[in-house]
Amino acid sequence: MVFEKVNENLYSLIDESYYDTISCAIVLPSRLIMVDSGIHVPNMKKFRKHVEGETNKKFDTLILTHHYSDHVMGNQVFSDCTIIATKTVAQKLKNWKKDMTPEKLERRKETLTDKSAFDGLEITIPTETFDDYMGIVDEDIKLVIKRTGGHTKGSTSVYCPKYRFLIAGDNLLSNFPPYGADPSSNPDVWINTLKEYLTLDVEKFIPGHGEVSTDKLVNYMIGVIEEMRDFIKEQISLGKTKEEVQEAGYAKNFYPIEDDDSFEASAMWYTLSNWHKFWGGKKN
């Protein structure tokens, strides 16, 4: 794991146990706000202690950008805080907790490089929900929390105009292909969301995986998704099947994929399948 002090107002935890998952701590005048809790419970406990020690402030809120397990497994570390998510995300997590079995958890653990990530795990769900927008104000600092959709229906950004950063969750990825395999993924909304990011006064963009970035990453992601959209739509107009679109699309190498990384490969494969369905007329 890597603890990074991005600046006086923002800390990040980059967890190398699963594709450099990023969680962030926002330093407000009187308190700390956490955004996403990562996939590694012991690491998140260390991160919380580290940030509270450095700032001499306490966390009172955790905000979730979406429902995927690599961003919520550490929720229990903030069980004494208000845990905020969209109603969509909260319902997903309630269902996930209900359906979780030891066998499913073990299979998830097998995808991690550090098998101690789930030590002492207690799946913890949100305590406060919102529909599309909410704000948090501390003295002269405001956080804008907005459900944008895109990667998933519940995908949410956290924007701080004063501090000029935007935390995007998996709507931005600096080390992984755009992942659109979720049934609720909407690539048209995703493109529009990324373009909206560019209209904001932002210096630092924080993706869900990889490293703290700039608007260069946003423009790159727009380009990749638009290229995939144009290709898939053209193939659909030619009457190509889903399987044909997957094969031809994978060969086009829209995004560099490590040959030995089966998950990266399957992510692109399933994204092509889901977006073929989306633009083929069966919209999510």
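Taken together, the values in this text are just the output of simple stated rules run on the coordinates, not laboratory data. Since the model is a prediction, treat every value here as computed from it, not as a measurement. Please note: Cβ atoms are built from the backbone with ideal geometry, for glycine as well, and neighbour counts cover all protein chains shown.
Some notes on this structure:
- Between the stretch 116-171 and the stretch 250-281, the alpha-carbon centres lie 27 Å apart.
- Estimated vicinal HN-Hα couplings, Hz - the stretch 33-45 in sequence order (Karplus 6.51, -1.76, 1.60; Gly, Pro = x): 10, 9, 10, 6, 10, x, 10, 10, 4, x, 5, 5, 4
- Counting beta carbons within 10 Å around each of Ser155, Ser12 and listing the fewest first gives the order Ser12, Ser155.
- Prolate/oblate/rounded call for the stretch 129-186, Cα gyration tensor, a/c under 1.5 rounded: oblate
- Peptide ranges 112-122, 159-169 listed from the most packed, as the mean C-beta count within 10 angstrom indicates: 159-169, 112-122
- Built amide H within the under 5 Å cut-off of Leu62, gap 5+: Met34, Thr82, Ile83, Ile84
- Amide H contacts under 5 Å for Thr124: Asn75, Gln76, restricted to partners 5 or more places along the chain or on a different chain, H placed in the peptide plane at 1.01 Å from N.
- Residue-by-residue Karplus 3J(HN,Hα) for the stretch 141-147, coefficients 6.51, -1.76, 1.60, Hz, glycine and proline x: 10, 10, 10, 9, 10, 9, 6
- Here the stretch 14-32 is scanned for amide nitrogen atoms under 18 Å from the site 7 Å beyond the Cα of Lys142 along Cα-to-Cβ, giving 28-30.
- What you get for the chain, charging only the Cβ of Lys and Arg (+1) and of Asp and Glu (-1), is a dipole of about 900 debye around the Cα centre.
- The structure shown yields Cα Rg over 2.2 N^0.38 Å, and of the options [x] 1.07; [y] 0.99; [z] 1.56 that calculated value carries the label [y].
- Backbone HN-Hα couplings from phi across the stretch 160-173 [Karplus 6.51/-1.76/1.60, Hz, Gly and Pro as x]: 10, x, 5, 8, 6, 10, 9, 9, 9, x, 7, 5, 10, 9
- Amide H contacts under 5 Å for Leu172, placed H, 5+ residues apart: Gly208
- By the count of other C-beta atoms within 10 Å, a proxy for reagent exposure, Asp60, Asp36 are ordered fewest to most as Asp60, Asp36.
- Distance violations [Cα-Cα > 31 Å] among Lys46/Lys162; Lys98/Lys204; Lys87/Lys277; Lys5/Lys97; Lys46/Lys87: Lys98/Lys204; Lys5/Lys97
- Per-residue Cβ neighbour counts within 10 Å put Tyr133, Tyr250, Tyr255 in the sequence Tyr133, Tyr250, Tyr255, beginning with the fewest.
- Peptides 271-279, 70-78 ranked from most to least packed give 70-78, 271-279, packing being the mean of other C-beta atoms within 10 angstrom over each peptide's residues.
- Cβ-placed point charges (K, R +1; D, E -1), dipole of the stretch 150-279 about Cα centre in debye, nearest 20: 540
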